[in-house]
Amino acid sequence: MFRNQYDTDVTTWSPAGRLFQVEYAMEAVKQGAAAVGLRSTSHVVLATVNTAASDLSSHQRKVFKIDDHIGVAIAGLTADGRVLSRYLRNECINHAFVYESPLPVSRLVVRLADKAQVCTQRSWKRPFGVGLLVAGLDETGAHLYYNCPSGSYFEYQAFAIGSRSQAAKTFLERRFESFNTYSRDELIKDAIFAIKETLQGDKLTSSICTVAIVGQDEAFHMIDQKVIQEIINSMEIKEDAPADQAPLQEDKGSEEAPMDI
Amino acid sequence: MALRGDWVYENNGGTCVAIAGSDYCVIAADTRLSVGYSIYTRDYSKICKLADKCVLATSGFQGDMKALQKNLAARHLIYQHQHNKQMGCPVMAQHLSNTLYYKRFFPYYTFNILGGLDSDGKGCVFTYDAVGSYERVGYSAQGTGAGLIIPVLDNQLKSPSPLLLPAKDAVTPLSEVEAVDLLKDVFASATERDIYTGDKVEIVVINASGIRQELMELRKD
């Protein structure tokens with residue numbers, strides 16, 4: 001296609017009015033491991049799949065506390081994510097220093113988006129290769145935003161980014177209308193379930209999954225691995241013993257006809 | 001009552017004292033804020049909790065005290081983000097010294113005492129001058145009433161010289177309750193003769209179970 005002619009630097013438009021370098025940066029987000037965010041009226045939950053570079057290494061950190069009332073989950077180039085997290089932390093600290101109050105989430109995401117936009121309009125820079133799910137609480141309530149490398153941002157009730165996130169999005173699309181009424185625990189459970197959807201068959205254990213929550217009376221923090229494992233176990237029990245149809249056949253995993261036709 | 005046209009400081013008076021024990025630290029400061037021969041308020045805290053086991057008491061110019069406290073609190077947040085833990089007391093002590101010396105040529109007009117527990121759980125007290133010179137001691141007093149209090153503490157707590165070898169423990173063998181009683185006594189005495197000290201004394205005790213605060217009334221004249 002003509003894509004290759006106009007994608008050398010970020011300051012070149014294509015005839016169709018696209019900036020390919022920015023779109024390539026968004027591809028980098030799609031390659032990263034999945035991250036999901038869900039919001040109710042009083043809480044916001046973030047959950048991520050932690051990949052490890054190899055069996056010998058530790059898992060990648062993808063969730064960062066920005067302030068007591070804000071946290072982010074990233075997908076894509078984690079180095080870019082770390083740098084942006086440091087920037088966001090500084091912004092929160094500076095705002096609190098001057099105004100003695102927490103930085104509203106909407107203000108923070110605008111600053112982040114502006115920072116991303118700069119990199120789409122300088123020939124000596126490249127766009128950030130990371131998408132951020134920003135979860136926070138402020139005077140106006142609970143918020144979940146998605147900031148992408150292009151510099152645009154949207155607010156969501158629930159969202160998923162990263163590889164195989166479409167499976168999680170489908171799951172969330174079915175359920176999101178009732179999220180506002182969810183309790184804290186229901187929200188966490190659905191977040192873990194959404195993460196499970198992205199694994200598509202791989203076993204979900206608490207060691208490859210990080211869950212974090214922020215609420216009105218709850219500062220942003222990661223949820224303990226033991227608690228996550230308990231929730232996963234209770235989810236699996238529910239799945240293995242649904243009241244009605246043919247669980248036995250699924251367990252055997254083959255095409256055998258039932259004994260009593 | 002400025003001394004020169006461009007004098008930007010003000011001494012708001014007040015006294016701070018701290019005593020280090022074997023497993024606790026007590027820090028106390030009066031709550032009177034004055035200027036000249038007037039009282040601005042009888043109810044002003046000079047004590048700031050910087051970290052879980054680290055408390056700062058400041059006398060001098062309260063405008064600089066507030067700015068210094070905010071600065072330290074913000075830097076502590078950054079430290080927590082980077083190191084995933086709170087600043088320990090000796091770490092905060094060095095950091096406070098650096099922060100003060102940073103403004104060597106336009107100082108914070110503050111006389112600080114930092115108190116808390118070190119990594120072994122022993123009480124520690126660090127005492128500062130306005131530009132960051134500091135020393136770990138077994139007890140200290142700063143402020144307008146310090147001159148009245150230090151001789152009494154010297155008599156009661158008799159710290160061994162820091163120059164001795166092998167190094168002797170500077171912390172007092174007194175129990176926590178005895179140290180708090182001593183503090184109450186010295187503040188009551190300083191209140192008698194120092195016009196800037198009085199109203200109430202805020203006493204903060206740090207030990208293994210956390211931080212406790214109490215208030216004691218002082219003479220209001």
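The values are calculated or read from the model by the stated rules, or taken from the named source; none is laboratory data. Please read all numbers here as calculations on a predicted model, not as lab measurements. Cβ sites come from the backbone with ideal geometry, for glycine too, and all protein chains shown count toward neighbours.
Points to keep in mind about this one:
- Under the condition of being crowded, with 17+ Cβ neighbours inside 10 Å and in contact with a strand residue (DSSP E or B) (Cβ under 8 Å, 6 or more places away or on another chain), the residues counted in region A:183-198 number 8.
- The lone exception for A:Pro127 - which of (1) away from chain B (no Cβ under 14 Å); (2) out of contact with any Ser or Thr (no Cβ under 7 Å at 6 or more places or on another chain); (3) outside any strand (DSSP E or B); (4) not polar (S, T, N, Q) it fails: (2)
- The residue that is surrounded by the fewest Cβ atoms within 10 Å (Cβ to Cβ), counting only those in region B:103-137 that are assigned to a loop (DSSP other than H, G, I, E, B) and in contact with a Leu (Cβ under 6 Å, 6 or more places away or on another chain), is B:Val131.
- Hits in region A:13-59 - residues which are loosely packed, with under 14 Cβ neighbours inside 10 Å and polar (S, T, N, Q): A:Gln31, A:Thr41, A:Ser54, A:Ser57, A:Ser58
- In region B:166-197, the residues that are free of Cβ contacts under 8 Å to residues at least 60 places away in the same chain and within 15 Å of B:Gly143 (Cβ to Cβ): B:Ser189, B:Arg193
- Residue match in region B:107-127 (condition: more than 14 Å from every other protein chain (Cβ to nearest Cβ), within 19 Å of B:Asn11 (Cβ to Cβ), in contact with a helix residue (DSSP H, G or I) (Cβ under 8 Å, 6 or more places away or on another chain) and small (Gly, Ala, Ser)): no
- Count - residues of region B:1-20 that are of a type outside the set (D, E, K, R) and either under 24 Å from B:Arg193 (Cβ atoms) or touching an Asp or Glu at 6+ places or on another chain (Cβ under 6 Å) (or both): 10
- Sole exception among (1) of a type in the set (A, V, I, L, M, F, W, C); (2) modelled with pLDDT under 95; (3) surrounded by fewer than 17 Cβ atoms within 10 Å (Cβ to Cβ); (4) under 21 Å from B:Lys49 (Cα atoms) for B:Leu164, by number: (4)
- Verdict on A:Val36 being hydrophobic (A, V, I, L, M, F, W, C) and either more than 14 Å from chain B (Cβ to nearest Cβ) or at positive phi (or both): yes
- Selection of first residues in region A:121-148 that are at negative phi and of second residues that are of a type in the set (Lys, Arg), restricted to Cβ pairs under 6 Å at least 6 apart or on distinct chains, gives the following pairs, ordered by first then second residue: A:Ala142/A:Arg39; A:Leu144/A:Arg39.
- Listed by first and then second residue, the pairs with beta-carbon distance under 6 Å, at least 6 apart or on different chains, first residue in region A:88-115 and over 17 Å from A:Leu137 (Cα atoms) and within 14 Å of chain B (Cβ to nearest Cβ), second surrounded by fewer than 18 Cβ atoms within 10 Å (Cβ to Cβ) and modelled with pLDDT of 95 or more, are A:Phe97/B:Lys70; A:Phe97/B:Ala74.
- Qualifying residue in region B:135-142 (condition: basic (Lys, Arg) and more than 14 Å from chain A (Cβ to nearest Cβ)): yes
- Of all residues in region B:68-89 being touching a residue at least 24 places away in the same chain (Cβ under 8 Å) and in contact with a strand residue (DSSP E or B) (Cβ under 9 Å, 6 or more places away or on another chain), the one that is nearest to B:Asp30 (Cα to Cα): B:Leu68
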